[in-house]
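For reference, the structure discussed in these notes is given below.
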Amino acid sequence: MNPVALSLRDVHKSFGDVDIINGVDLDLIAGERHALIGPNGAGKSTLFHLISGQLSLTRGTIYLGDQRISGLTPERVNRLGLARSFQITNVFPKLSVFENLRLAVMRQHNLQYVFWRGIEGQHAVREETEALLEQLHLMARAGTLATELSYSEQRALEIGVVLASHPQVILLDEPMAGMSREESAYAVDLIRKVTHGKTLLIVEHDMDVVFELSDRISVLVYGRIVATGTPAEIRANAEVKEAYLGEEVA
Amino acid sequence: MDYFIVSLLNGLIYGLLLFMVSAGLTLVFGMMGILNFAHASFYMLGAYAAYALQPVIGFWWAVVVATVLVGGVGVVTERYFLRPVHKYGHAHELLLTFGLSFIIAELVKLFFGNYPVNYRVPQALSFSAFHVGPSAYPFYRLLIGLVAIAMFVLIYLLLTRTRVGIIVRAAIRRPAMAGALGHNVPVVFMAVFGVGAALAGLAGAIAGAFYTTSPNMAIELAVMMFVVVVIGGLGSLEGALLASLIIGLSTSFSVGVDVSLAQVLAYVGMGDWARGIGGLLTLKLSSLSGTIPYALMLLVLLIRPYGLMGAKE
Amino acid sequence: MNRRFLLVGLLVVIALVAAPLVMSQSLINAGIQMLIASLFACAFSLLCGQAGMLSFGHSAFFGAGAFATVHAMDAMGGAGLLPTPFMPLVGAVTGLLVGLVAGWFATKRTGVYFAMITLAIGELLYALAPHLSGWFGGEAGLSTMRMPAFGLSFADNVQVYYLTLAWVLLCLGLLYLFMRTPLGRVALGLRENTHRMRFFGYNVHVASTLVFAISTMFSGVAGALQAINIESANYVIFNLDLSAQVLLNSYIGGVTYFLGPAVGAALMSFFGYVVSDLTTSWLLYQGLLFVLVMLFMPRGIAGLVHAVAQALRRCGFARLWRAFALYLGATALLVAGTTFLVELLQRLFSQDYRALSQIGGNAWPDIPLFGASWAPLSVLTWLLPVLLLTAGIWLLARAARHWRRALALAAPDDDSPATTGGGRLVSGASS
């Protein structure tokens with residue numbers, strides 16, 4: 001039995017009177033690719049905010065392996081091995097692609113407070129950054145400012161800075177949003193390669209991608225998980241269909 | 001007891017005055033995300049405009065015209081200075097308002113001189129309202145407080161009870177949505193900015209007659225306003241009111257307290273040690289009363305960084 | 001590109017070193033002030049332009065450095081804690097320590113809150129200082145004397161000039177190198193996206209505090225140099241005026257360029273020196289320039305130079321000279337019109353004028369200005385600046401049109417400046 005990489009227990013989140021997350025229980029098995037789907041407004045991004053430490057839980061706990069991460073700051077959560085991407089590209093606009101990635105890599109090498117040595121002399125950092133550029137196929141755009149990249153290149157960079165943290169658990173928030181068919185196929189390939197051996201939790205709306213990429217799928221509706229299972233099980237689940245399509249069509 | 005009552009009244013009124021000026025600032029920040037450094041300059045312009053107009057049209061008309069004039073300046077500022085730099089970001093807008101406050105201060109010095117001017121309460125209003133012990137409490141001071149309260153009530157009613165008010169609140173919360181619904185959001189912004197400026201101008205016109213009217217009044221008030229919003233939490237009207245009153249009362253009460261920390265320490269036998277160290281420990285609270293708001297601000301930052309009533313960003 | 005800048009830089013340094021040989025005493029003094037202002041502006045810009053943290057109270061650290069140095073110079077019965085050439089170290093240490101404490105508080109918040117906190121800290125110091133006469137010398141301030149060291153008397157200001165120059169060049173060099181350290185890159189990250197930095201595992205509060213402290217350290221050095229120069233320190237140094245001054249200087253110069261603030265500070269210092277005897281409205285002109293820069297030249301004078309250099313590269317001088325001429329003409333007209341109007345108003349509303357109008361028989365005596373007399377009630381007097389300004393604006397519009405046309409006709413560049421190996425000294429801070 002594979003260990004549980006990420007575990008959510010009875011997670012609740014309310015903003016004043018409004019309950020966004022109404023009791024979520026979820027276990028991510030180490031090494032699996034797990035998709036989180038559900039209608040708009042179900043609370044998927046909120047769940048990501050809760051897991052990554054951006055928002056505090058109203059009730060419940062979240063564990064990363066054996067380590068409790070609910071209540072920790074985003075820095076601590078990241079250092080414990082969890083990294084997330086953002087639905088709206090959230091990188092460093094006026095810095096080059098190289099610089100964007102290097103910032104993430106530098107932190108991994110614990111260089112954040114060093115002011116007595118130059119960054120150029122840190123070969124390990126440079127090599128790792130260049131390796132990332134290769135993986136993301138952004139080598140040719142290394143010197144381009146992030147704000148001047150094409151949309152799909154920005155989304156690739158968004159994934160890239162997540163990887164730079166060497167996370168064991170990766171959260172991707174709609175990485176394919178706004179991409180064309182070819183770009184999506186390309187991105188799926190990239191994600192499959194770079195998440196090999198890691199645990200992935202991905203929010204996506206493109207069902208083809210979801211069914212192709214994931215080992216298991218959970219469906220979030222109005223802040224509750226209504227179903228968890230393999231793609232085949234979810235496809236056949238009546239409650240899921242109703243949640244997406246309303247009344248079942250006979 | 002007399003000291004207590006007088007300090008209480010003075011503190012409340014100063015706090016209300018602070019609130020009258022910070023309210024506009026907080027509203028504009030909540031609405032547009034910019035901190036208008038020039039807001040205190042509007043206060044100063046109100047005082048100077050009323051001062052200049054008083055010999056011509058009398059005190060009350062001067063106050064009214066000054067308020068409208070400063071409102072106009074606010075509208076022009078938003079339309080021709082702030083809107084063009086909106087695209088460069090909040091820091092840029094803040095700097096621009098800083099530059100404007102600088103220019104306004106220099107223009108005031110140019111036209112009126114680099115010294116306080118003789119803007120005084122008119123004879124008809126400079127009587128005493130009542131006596132507290134042997135001393136007379138000036139009616140005009142109460143008037144300042146009354147104007148502040150009246151203004152607050154008016155704004156509150158306007159925002160919550162009128163159709164215009166609902167539109168304004170919508171534009172503050174969700175400008176894009178309000179625009180999509182067909183409301184002219186840029187005009188709303190301009191109007192709110194103008195009204196905020198007019199309020200600051202009114203505060204200046206009324207208060208300038210009582211307190212000193214000088215080219216430095218803007219920066220002195222600006223710093224105090226910023227302390228208010230840090231303590232109260234930007235965007236929160238209630239926070240601004242609470243913080244203003246706290247600052248008003250603490251400043252007012254400490255002015256008469258001729259006690260130093262060394263004297264307090266003397267009670268536990270450490271008086272000589274404290275006096276030996278000197279410096280801050282031997283300063284009387286009355287001399288330090290001007291620095292108490294800053295100390296409060298630093299304290300709030302330590303304990304509750306988002307202000308007393310601010311929300312987590 | 002890099003080599004060209006190094007060459008220019010070398011020439012500037014040589015000029016600075018050779019300057020005292022040809023300058024008068026008062027010009028040397030002005031030069032020292034320019035150097036100190038340039039260092040202060042670059043130190044300020046580290047926090048503001050590189051790390052994106054807008055500070056309104058930086059004079060606190062300049063002043064702290066100054067006062068600490070005065071005390072150090074007086075220490076040991078007047079002999080001084082350190083030999084005179086090493087005194088600025090006192091300023092550095094003081095700036096660093098005070099900055100660590102102040103920065104720890106201030107960086108608990110970001111954006112406008114941060115700015116307001118720095119303003120309040122600065123004002124707090126300004127309010128406290130006159131009461132702590134042991135540290136700050138009360139209303140009169142403290143004074144001291146430079147002690148001779150290493151065979152130099154430091155009695156005349158030429159030696160002070162070279163001492164200042166050496167330290168300023170050293171600090172500018174260190175600031176430039178800092179940009180290329182990991183913490184320097186972290187500063188850029190803090191500017192561009194503080195929020196995301198957290199998700200990379202950065203402790204943003206600690207990192208911000210460190211960057212803050214390094215900025216204040218160099219500000220302390222600038223203050224120390226000032227204390228050495230004028231052999232005194234007064235609490236008015238903590239006034240908002242100095243904080244405002246360094247802010248205006250830096251942004252007029254352009255904070256996205258490493259030497260932009262230095263250029264801005266040098267220019268403003270120089271103009272202040274030249275012009276402040278001629279007019280009392282110098283600060284108004286500075287404020288107007290600042291607002292104009294904010295509105296129309298957001299990247300400052302350095303940005304303007306960069307844009308012009310780029311345009312020249314693309315179009316060549318032959319296509320652009322007409323636009324240049326029009327721009328220069330427009331600037332001249334606008335400056336003339338504004339200056340005339342401001343000076344006229346200043347004299348009209350001054351106390352001297354009011355006294356004059358009461359003494360003489362004439363209620364509106366003529367105003368002497370620029371060698372002529374102007375009647376305040378005459379339409380011509382006011383028509384002149386109006387005409388100058390209108391003509392200036394019209395010319396400006398034409399200049400802009402010519403410029404746009406020249407750029408449109410030229411062959412397009414294939415890369416933006418950041419991707420060509422653009423001289424680091426120019427665009428180093430932003431990439």
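Read-outs: derived from the displayed coordinates by stated rules, not from any lab. Because the structure is predicted, anything quoted here is derived from the model rather than measured. We place every Cβ from the backbone using ideal geometry, glycine too, and count neighbours over all the protein chains shown.
Between C:GLN245, C:GLN25, C:GLN286, find the one with the highest GNM mean-square fluctuation for chain C; connect C-alpha pairs within less than 10 Å. Result: C:GLN25 has the largest fluctuation of those listed. For the stretch A:59-152, applying the loop criterion from DSSP together with a ceiling of 13 other beta carbons within 10 Å to the chymotrypsin sites (Phe, Trp or Tyr not before Pro) yields A:TRP116. Computed over chain A, relative contact order equals 27 percent, with contacts defined as Cα pairs under 8 Å that lie 6+ residues apart.
If I build a Gaussian network model for chain B, linking alpha-carbon pairs within less than 10 angstrom, which residue out of B:TYR14, B:TYR115, B:TYR211 has the largest mean-square fluctuation? Per the Cα network of chain B with a 10 Å cutoff, B:TYR115 tops the list. Straight Cα distances below 27 angstrom link A:LYS44 to the lysines A:LYS13, A:LYS193, A:LYS198, A:LYS241, B:LYS312, with same-chain residues fewer than 8 positions distant left out. Given +1 at the Cβ of Lys and Arg, -1 at the Cβ of Asp and Glu and no other charges, the dipole of the protein assembly as shown around its Cα centre is 1060 debye to the nearest 20. Taking the three principal axes of the alpha carbon atoms in chain A, the coordinate ranges are 64, 40, 39 Å, sorted in descending order. Modelled spin-label separation between A:TYR222 and A:ASN110, with each label point placed 7 Å from Cα along the Cα-to-Cβ direction: 5.0 nm. A simple rule links phi to the HN-Hα coupling: the Karplus curve 6.51 cos²θ - 1.76 cosθ + 1.60 with θ = phi - 60°, which for the stretch C:194-204 gives 4, 4, 5, 4, 4, 6, 8, x, 6, 7, 4 Hz, with x for Gly and Pro.
Spin-label pair C:VAL236-B:ALA180: with each label point 7 Å from Cα along the Cα-Cβ axis, the two points sit 5.7 nm from one another. Counting only aspartates and glutamates at least 8 places from C:LYS108 when in the same chain, those with an alpha carbon closer than 18 Å to its own are A:GLU75, B:GLU313, C:GLU192.
Annotation for the stretch A:203-237 versus the stretch B:164-240: alpha-carbon center distance of 49 Å.
Can you tell me how chain C classifies by the Cα gyration tensor, rounded, prolate or oblate, using a/c under 1.5 as the rounded cut?
Here chain C falls in the oblate category.
Using the Cβ-Cβ distance between C:PHE296 and A:ALA236 with R0 set to 60 Å, the FRET efficiency works out to roughly 0.40.
Counting only helical runs of four or more DSSP H residues, what would the 222 nm mean residue ellipticity of chain A come to if each run contributes -39,500 (n - 2.57) and the total is spread over all its residues?
Working: 9 runs with 88 residues, N = 250.
Value at 222 nm, helices only, nearest 500: -10000 deg cm²/dmol.
Suppose we flag GluC sites (Glu not before Pro) only when DSSP calls them loop and at most 12 other Cβ atoms lie within 10 Å. Which is the longest uninterrupted stretch of chain A? Walk me through the numbers on the way to the answer.
Working: sites that count: A:GLU120, A:GLU247, A:GLU248.
By the stated rule (loop sites, at most 12 other Cβ atoms within 10 Å), A:121-246.
Rounded to the nearest 0.05, the FRET efficiency derived from the C-beta distance between A:GLU182 and C:ARG398 at R0 = 56 Å is 0.70.
Counting only Cα atoms, the protein assembly as shown measures 103, 74, 72 Å along its principal axes, largest extent leading.
Based on other C-beta atoms within 10 Å, arrange A:ASP173, B:ASP272, C:ASP277 from fewest to most.
On the way: A:ASP173 23, B:ASP272 11, C:ASP277 8.
Lowest to highest Cβ neighbour count: C:ASP277, B:ASP272, A:ASP173.
Roughly what angle does helix B:217-232 make with the longest principal axis of chain B, taking Cα atoms, 0 to 90 degrees, to the nearest 10? Approximately 90 degrees, to the nearest ten.
For chain C, the relative contact order comes to 23 percent (Cα pairs under 8 Å, sequence separation of at least 6).
When C:VAL221, A:VAL18 are arranged by Cβ crowding within 10 Å, least crowded first, meaning fewest neighbours, the order is A:VAL18, C:VAL221.
In this label model, C:MET76 and A:MET139 are separated by 6.0 nm, measuring between points 7 Å along each Cα→Cβ vector.
Inverting the mean 1/r over all pairs of different Cα atoms, compute the Kirkwood radius of chain B and quote it in Å. Please list the in-between numbers first.
On the way: mean 1/r = 0.0481 Å⁻¹.
Across chain B, the inverse of the average 1/r is 20.8 Å.
Would you please give the FRET efficiency between C:GLN351 and B:LEU146, computed as 1/(1 + (r/R0)^6) with r the Cβ-Cβ distance and R0 = 30 Å, to the nearest 0.05? Given R0 = 30 Å and the Cβ-Cβ separation, E is 0.25. Our note on the geometry: Cα centres of the stretch C:1-18 and the stretch C:143-204, 20 Å apart. Counting every other Cβ atom within 10 Å of each residue's Cβ, B:HIS86, C:HIS402, A:HIS109 order from fewest to most as A:HIS109, B:HIS86, C:HIS402.
Taking the C-alpha atoms only, the angle from helix A:181-194 to the longest principal axis of chain A is near 80 degrees. Between the stretch C:274-338 and the stretch A:24-79, the alpha-carbon centres lie 54 Å apart. Straight-line cross-link reach from A:LYS94 at under 16 Å between alpha-carbon atoms covers these lysines, not counting any fewer than eight positions away in the same chain: B:LYS87.
Quick one: compute the contact order of the stretch A:122-250, relative version, from alpha carbon pairs under 8 angstrom and 6+ residues apart, as a percent. Computed value for the stretch A:122-250: 16 percent relative contact order. Under a Gaussian network description of chain B, with springs only between Cα atoms under 10 Å, the residue in B:TYR51, B:TYR156, B:TYR43 that fluctuates furthest is B:TYR156.
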